[in-house]
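Q: I am attaching a structure below and will ask some questions about it afterwards.
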Amino acid sequence: MSSLAKRRGGRPDSALLVCLTLAAAFAGTRAADAQVPSAAGAPVRVADFASELGAVLSLDPLLGTVSLTRDGDRAAFKPGSPWHLLGDRPVRLTPSSSGPGGPLLDGTTAAYLSAWFEERSTERLSRFRVAAVLIDPGHGGKDPGAVGEYGSGKDKRKILEKDLALATALQVRDALVERFPDRRIMLSREADTYPSLEERVEMANAVELRPNEAIIYVSIHANASFNRNASGFEVWYLNPDYRRTLVESGTPGVDDEIAPIVNVMMEEEYTTESVLLARSIVERLERNIGASSRNRGIRAEEWFVVRNARMPSVLVEMGFVTNEAEARLLADPAHLRSISDAVYNGIVDFIDYFENRKGTSAP
Ligand SMILES: [Zn+2]
């Protein structure tokens with residue numbers, strides 16, 4: 001949960017520290033500063049350039065190289081050499097010289113570097129990223145969810161939806177944490193407790209995101225029916241005909257006339273992503289358990305948990321506990337593991353697609 005917050009806060013602090021250190025280091029050369037021309041296109045001290053850019057400056061005294069790093073983007077060069085390494089691309093620019101107050105960047109080179117760093121930032125901001133995943137095991141605590149039975153006589157066994165949902169969710173969470181150590185992977189409950197539906201959704205809505213970041217919400221359930229023959233898995237998403245009020249009228253800074261339009265746009269956005277997420281998970285379930293369980297496909301509904309989540313969100317029904325054969329299957333840890341693997345892989349497929357195909361305005 002804290003890795004992003006740490007990273008957010010980390011760069012400006014360390015950049016500031018380096019700038020202060022450099023300012024102190026160069027304080028003894030103030031007299032020489034006056035000789036540095038300040039007209040546009042004139043040479044600029046690398047230290048000043050770095051501080052204006054908000055980049056961390058580091059000098060390698062052994063190799064004689066200078067490097068500027070901002071948000072993971074790095075430009076490196078050696079005073080006197082025309083070669084500048086921008087990311088992993090070498091570019092020939094007017095070389096910098098060694099001035100009395102540290103290396104001096106040629107004016108045109110400085111302008112080129114500034115533009116390069118800006119371009120990189122813009123590109124990063126336009127690239128969407130799934131920063132968080134909230135896995136929500138349905139029911140829990142006082143609420144067992146659907147209750148099923150299999151076997152007879154003294155071999156009769158009872159299974160509870162809340163237990164199946166939690167076991168699956170924990171496995172999905174663990175796999176996601178291992179795969180994405182730098183993203184926030186959360187569970188709405190980790191034990192046999194009962195967060196209310198409002199609390200579950202609020203947990204997801206409360207996650208702080210940057211403008212280009214998204215959170216996805218996956219609720220895990222098992223099904224029940226009066227028809228004991230009903231069986232199979234399915235994944236639900238919000239019915240596109242249902243219009244949520246995502247931005248409430250009267251929200252400060254939001255024009256009342258604009259709010260409904262914004263809502264429809266967000267709604268459509270989330271519906272597209274939710275269908276995509278639902279499809280990714282269903283495809284993986286088909287691959288993993290399609291031979292033993294019926295694929296009921298993707299369905300649209302107005303589930304509360306899905307309806308109030310302001311993000312791509314789906315609800316997975318793993319199978320029917322009221323069908324004796326399926327109840328037996330769901331009670332088998334190997335079957336449940338196949339379901340967890342499928343949900344995990346479906347989420348990974350979605351993230352791959354979401355981050356690599358969408359919003360990439362970069363060439
Ligand atoms: Zn349920």
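The values are calculated or read from the model by the stated rules, or taken from the named source; none is laboratory data. Quick caveat, the model's predicted, so the values are computed rather than measured. Every residue, glycine among them, receives a Cβ derived from its backbone with ideal geometry; neighbour counts consider all protein chains shown. Just the protein is used for accessible areas: all its heavy atoms, side chains included, with ligands, DNA and RNA removed. Shrake-Rupley method; radii C 1.70, N 1.55, O 1.52, S 1.80 Å.
Q: Please verify whether the range 315-326 includes one or more residues that are modelled with pLDDT of 95 or more, on the phi < 0 side of the Ramachandran plot and either of a type in the set (Lys, Arg) or open to solvent by 40 Å² or more (accessible area, probe 1.4 Å) (or both).
A: The answer is yes, given that some residue of the range 315-326 is modelled with pLDDT of 95 or more, on the phi < 0 side of the Ramachandran plot and either of a type in the set (Lys, Arg) or open to solvent by 40 Å² or more (accessible area, probe 1.4 Å) (or both).
Q: Restricting attention to the range 212-219, does a residue exist that is within 16 Å of the ligand (Cβ to nearest atom), under 14 Å from HIS139 (Cα atoms) and either among the hydrophobic types (A, V, I, L, M, F, W, C) or in contact with a strand residue (DSSP E or B) (Cβ under 6 Å, 6 or more places away or on another chain) (or both)?
A: For the range 212-219, residues within 16 Å of the ligand (Cβ to nearest atom), under 14 Å from HIS139 (Cα atoms) and either among the hydrophobic types (A, V, I, L, M, F, W, C) or in contact with a strand residue (DSSP E or B) (Cβ under 6 Å, 6 or more places away or on another chain) (or both): present.
Q: Does ARG120 satisfy the criteria of being surrounded by fewer than 21 Cβ atoms within 10 Å (Cβ to Cβ) and over 30 Å from ALA331 (Cβ atoms)?
A: Spelling it out, ARG120 is indeed surrounded by fewer than 21 Cβ atoms within 10 Å (Cβ to Cβ) and over 30 Å from ALA331 (Cβ atoms).
Q: Go through the range 161-171 and report how many residues are away from the ligand (no atom under 16 Å from the Cβ) and among the aliphatic types (A, V, I, L, M). Give the steps one after another, and end with the answer.
A: First, pick out the residues of the range 161-171 that are away from the ligand (no atom under 16 Å from the Cβ): 170-171.
Filter once more, so that each one left must be among the aliphatic types (A, V, I, L, M): 170.
Residues meeting the conditions: 1.
Q: Only one residue in ALA175, ALA111, ALA115, ALA165 is open to solvent by 40 Å² or more (accessible area, probe 1.4 Å), of a type in the set (Gly, Ala, Ser) and touching a residue at least 12 places away in the same chain (Cβ under 8 Å). Which one?
A: It is ALA111.
This table checks each residue for (1) open to solvent by 40 Å² or more (accessible area, probe 1.4 Å); (2) within 22 Å of VAL314 (Cα to Cα).
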{"site": "GLY153", "(1), (2)": "yes, no"}
{"site": "ARG184", "(1), (2)": "no, yes"}
{"site": "MET203", "(1), (2)": "yes, yes"}
{"site": "VAL218", "(1), (2)": "no, yes"}
{"site": "ARG228", "(1), (2)": "yes, no"}
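Per-residue answers, yes or no, for (1) under 26 Å from ILE281 (Cβ atoms); (2) in contact with a strand residue (DSSP E or B) (Cβ under 6 Å, 6 or more places away or on another chain); (3) away from the ligand (no atom under 16 Å from the Cβ):
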| site | (1), (2), (3) |
| --- | --- |
| ARG127 | yes, no, yes |
| PRO144 | yes, yes, no |
| GLY153 | no, no, yes |
| ILE159 | yes, yes, no |
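Q: So, in the range 230-243, of the ones that are at pLDDT below 90 and open to solvent by 20 Å² or more (accessible area, probe 1.4 Å), which residue ends up nearest to the ligand (Cβ to nearest atom)?
A: If we take residues in the range 230-243 being at pLDDT below 90 and open to solvent by 20 Å² or more (accessible area, probe 1.4 Å), then TRP236 is nearest to the ligand (Cβ to nearest atom).
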